[in-house]
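Beneath this line is the structure, given in structure tokens, with notes to follow.
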Amino acid sequence: MLELVQASTYAASIDNLILFIGIIVGVWFLLAEGLFFWLIWKFRAKPGEKSQYLVGNEKHVKRWITIPHALVLVCDVFIVVGAVRVWYNVKQQLPEPDSVIRVTGQQWAWTFQHPGADNELDTSDDIFTVNDLHVEVEKTYHFKLESRDVLHSFSVPVFRLKQDAIPGRSITGWFEPTLTGEYDVQCAEICGIGHGVMAARIHIEDANTHAAWISSASAATTP
Amino acid sequence: MADTVADVHQHEAHGHGDHHHDQSWLEKYVFSTDHKIIGMQYMFTGMFMAVIGGYMAYVFRMQLAFPGISVPGFGQVSPGEYNALITNHGTIMIFWVAMPVLIAAFGNFLIPLMIGADDMVFPRINRLSFQIFFLSSIVLLVSLFVEGGGFGGAWTSYPPLSANGDYNQTQLGASLWLIAVALEFVAFLLGGINFITTLMNSRAPGMKAYDIPLVCWMIVIASILFMLSVGPLLAGAVMLLFDQTLGTGFYDPARGGDPILWQHLFWFFGHPEVYVVLLPAIGITVEVMATFARKKIFGYKMVLYTAVATGVLSFFVWAHHQFIAGIDPRMANVFTITTLLISVPIAEMLFVMIATLYGGSIRLTTPMLWALAFMAEFLIGGVTGIFLGASGADIYFHDTYFVLAHFHYTFFPIAIIGSFCAFTYWFPKMFGKMMNDTLGKIHFWGTVIPFNFIFIPLFVLGMGGQHRRIYNFQHFPQIAGPEYFQLREIATIALLVMLAFQLVFFYNIIMSWMRGEKAGKNPWKANTLEWTTESPAPHGNWPVDELPTVYRGPYEYGHPDREEDYWPQNLPG
């Protein structure tokens, strides 16, 4: 199997939800396929034996359908509760941010607007980069996601985060990195010929490295 | 009531007998109004399109496994060509293969034969339906070769990419693609009207609602779903066409439009559409299972009611395609609940199919193998859908290869396994010859085994974070490692094997057609009415004075009062 890095506070909760669903549907799947192949074997045609005539109307026979039916419903309730809890945490609520960044998609690059030394977005010391996002580990970020032309989708697999960018709207979401390192940022919504080259990197840095990056980047852009 | 039905029936029959004796070849095979010929026309057009769709899959899978190589039979794939290939592969396989083969071809061929009618109620509308469909196929194929190339904005065609030639760079291709899809919808609306009306009005005397073979019910329920869902999309398509050609701004936020509107219109149709093709496939499987397990369906009414329940629910789940598309996040909770609810009727339908095997006398003929494979494989597609319907898990899986593998595990069993099942089962009725069973089984295993080797690696890649519609993964270091490439290569090689085995199928059709064993009226010893007439059935289906009367339901197999283990619907007593 492929190695998967969990680099945000909610990555593990999404993975656990996937595992939870996997166990439930896995059990159903194995039971159903097992029964299915057993029946094919057990009731294979034998010379001289006629098939049975079962209507399926009697209560004790119908139980074979109605009980699994009820069990499926119960499993659905558990899955819905799990899914909604994770969803609420990742998408519906917004924790107080330490920093706000702006992510803008266009054909075919990502522009990242960092708040700079004053930690305020839309001020003169903002740092703009193309295809390189710099964030500090263990800080909560809000991102404002926008698009200049067509739909794009801001996807950071190590965060388990994905959100479409829509022209004419600014969508706010959040993440909190937990691991330092350099990872992929994808565009996950087809956006034209260059969709496959719309790749960016996210650099998750510790406090010192991040501060050093801010000062060097500010120096580079200051006129 | 019954008298009126019989009356219409007889009257229609006479009408046919009068002026269809001497037909030229052109009248008989090209401009025919005979439902069986129209069904064949749909089937062979669908098969031809399936070959094209398969060829496209071959080209882009080669590019994905071996990026940059010159693909034999195509050449080097450019990013624009890649996008056009994946877009049109999806479009063709759903709208020009699954729909025409499962609904139009088998709906046309089977409904009149199975309900004991001499033809559709509106034979000329039926002919018009095919003609429009044929035209739509030509428009689609032409769109691939116009200036700028074929449309490459994915089969979902989300604006603003699809709406603006500056963004997609295939202005003409995009418009022709859209026109082709819209024409195709018109064709199926006409066909659907016919299926619904025919089932309601032309049944043989004695055939009550619960005596109708389930496959006919399923095709008709699917046609109703299609009629109810396609309206908004047609309106949306016209708006999109206006955006493309007249410069309107329905989907352009700069002029007050909204790109998300299209997604709602598209998926309001798009999700019921899944069940539009699923239900006929389930109907086909149920028929074949009953015949070869020699068993009455375990709960006929249960299958019927769950199909209706699925249909109704399918109108309330569409936004699970849009969880992360920028809709209000609170909406996702509602659609998670409705989406998971739909697992209940579908699971119940599969339980009924499994339970039908109990107490049977199962014969593993080629059609039966296909029917069982449908069940076994579709289950994988069904359970993997739960991950995607659960909003929290979909945040990660959305637009990855996990989604792609999931829906291929639903659509492949539906459109390919279901069609092969129906084709091998009704081949004797269509052509009057038996298909070679050994070649049939070679083709079966040569299709089903590689199928799993194509898509199980893609599940793994999706879990690894590989996102969709990417021409070359080299720009994403996390998913460009050798272990990822090995999985891509396995999938591509399995596809090559599967495509090669389709030659066995075409060889088998031609050989069996030319020198197969004569089939006789009822080679499978089945109960339904189509097996009471000659193979192949003549124009008008039965001689006018021998139109069948129905005395019982379609699945009376293994009845204790009879020597034989089957009891045809038309036998009195």
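Only the coordinates and a few stated rules stand behind these numbers; no lab work does. Note that the structure is predicted; figures quoted are calculated from it, not measured. Glycine also receives a Cβ, built like all others from the backbone with ideal geometry; neighbour counts cover every protein chain displayed.
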Partner shielding of B:333-340, as the mean number of partner chain Cβ atoms within 10 Å, equals 4
What does the charge count near B:Phe351 come to, summing +1 for each Lys or Arg and -1 for each Asp or Glu among other residues with Cβ under 12 Å from its Cβ?
-> +1
Take every DSSP beta bridge whose two residues both sit in the protein assembly as shown, then give the antiparallel share in percent to the nearest 5.
-> 70
Hey, what angle do you get for helix B:171-201 against the long axis of chain B, alpha-carbon based, 0 to 90 degrees rounded to 10?
-> 20
What residue among A:Phe36, A:Phe128, A:Phe159 has the largest mean-square fluctuation in a Gaussian network model of chain A, using Cα springs under 10 Å?
-> A:Phe36
C-alpha long axis of helix A:207-221 to longest principal axis of chain A, angle in ° = 50
Local net charge near B:Phe374, Cβ-Cβ under 15 Å (Lys/Arg +1, Asp/Glu -1) = -3
Charge-dipole axis of the range A:11-92 as Lys and Arg at +1 and Asp and Glu at -1 on Cβ define it, positive-most pick from A:Leu54, A:Leu39, A:Tyr88 = A:Leu54
Enter the mean number of other protein chain beta carbons within 10 Å of the beta carbon of each residue in B:349-355, as an integer.
-> 5
Distance between the range A:39-87 and the range B:400-441 - C-alpha centres, whole angstrom | 25
Calc'd 3J(HN,Hα), the range B:559-573, phi into Karplus 6.51 cos²θ - 1.76 cosθ + 1.60 (θ = phi - 60°), Hz, glycine/Pro = x, comes to 5, x, 7, 10, 5, 5, 8, 9, 9, x, 4, 9, 7, x, x
Dipole axis of chain B (+1 Lys, Arg; -1 Asp, Glu on Cβ), positive-most option in B:Pro413, B:Phe455, B:Leu340 = B:Phe455
So, relative contact order of chain B in percent, Cα under 8 Å, 6 or more apart, is 16
Provide the packing ranking of B:351-359, B:431-439, i.e. peptides ordered by the mean count of other C-beta atoms within 10 Å per residue, highest first.
-> B:351-359, B:431-439
Determine, at each q value in 0.13, 0.19, 0.23, 0.26 (inverse angstroms), the log₁₀ of I(q)/I(0) that the Debye formula gives when each Cα of the range A:119-194 is one equal point scatterer.
-> -0.44, -0.95, -1.33, -1.50
Shielding score for B:556-562, defined as the mean number of other chain Cβ atoms within 10 Å | 3
Using the Karplus curve 6.51 cos²θ - 1.76 cosθ + 1.60 with θ = phi - 60°, work out ³J(HN,Hα) for each residue of the range A:171-184 in order, rounded to whole Hz, and write x for Gly and Pro.
-> 9, 9, x, 9, 7, 9, x, 10, 10, 7, x, 10, 9, 6
Could you give the C-alpha radius of gyration of chain A expressed as a fraction of 2.2 N^0.38 Å, taking N as the number of residues it contains?
-> 1.50
Note the angle between two axes, namely the Cα long axis of helix B:437-463 and the longest principal axis of the Cα atoms of chain B, as a number of degrees from 0 to 90, rounded to the nearest 10.
-> 30
Quick one: work out Rg over Rh on the C-alpha atoms of the range A:1-104, Rh as Kirkwood radius.
-> 1.23
Please compute the net charge surrounding A:Glu136, taking Lys and Arg as +1 and Asp and Glu as -1 over other residues with Cβ under 11 Å from its Cβ.
-> -4
Find how many whole Å separate the alpha carbon centroid of the range A:110-168 from the alpha carbon centroid of the range B:515-573.
-> 68
Dipole of chain B, positive direction: furthest Cα of B:Thr198, B:Tyr210, B:Tyr251, with charges on the beta-carbon = B:Tyr210
Could you tell me the distance between the Cα centroids of the range B:47-78 and the range B:259-305, to the nearest Å?
-> 31
Among A:18-28, A:39-49, how do they line up from the highest to the lowest mean number of other beta-carbon atoms within 10 Å?
-> A:18-28, A:39-49
With Cα springs under 10 Å, the Gaussian network model of chain A assigns the largest mean-square fluctuation among A:Lys91, A:Lys139, A:Lys62 to A:Lys62
Taking every DSSP beta bridge that has both residues in chain A, what percent is antiparallel when rounded to the nearest 5?
-> 70
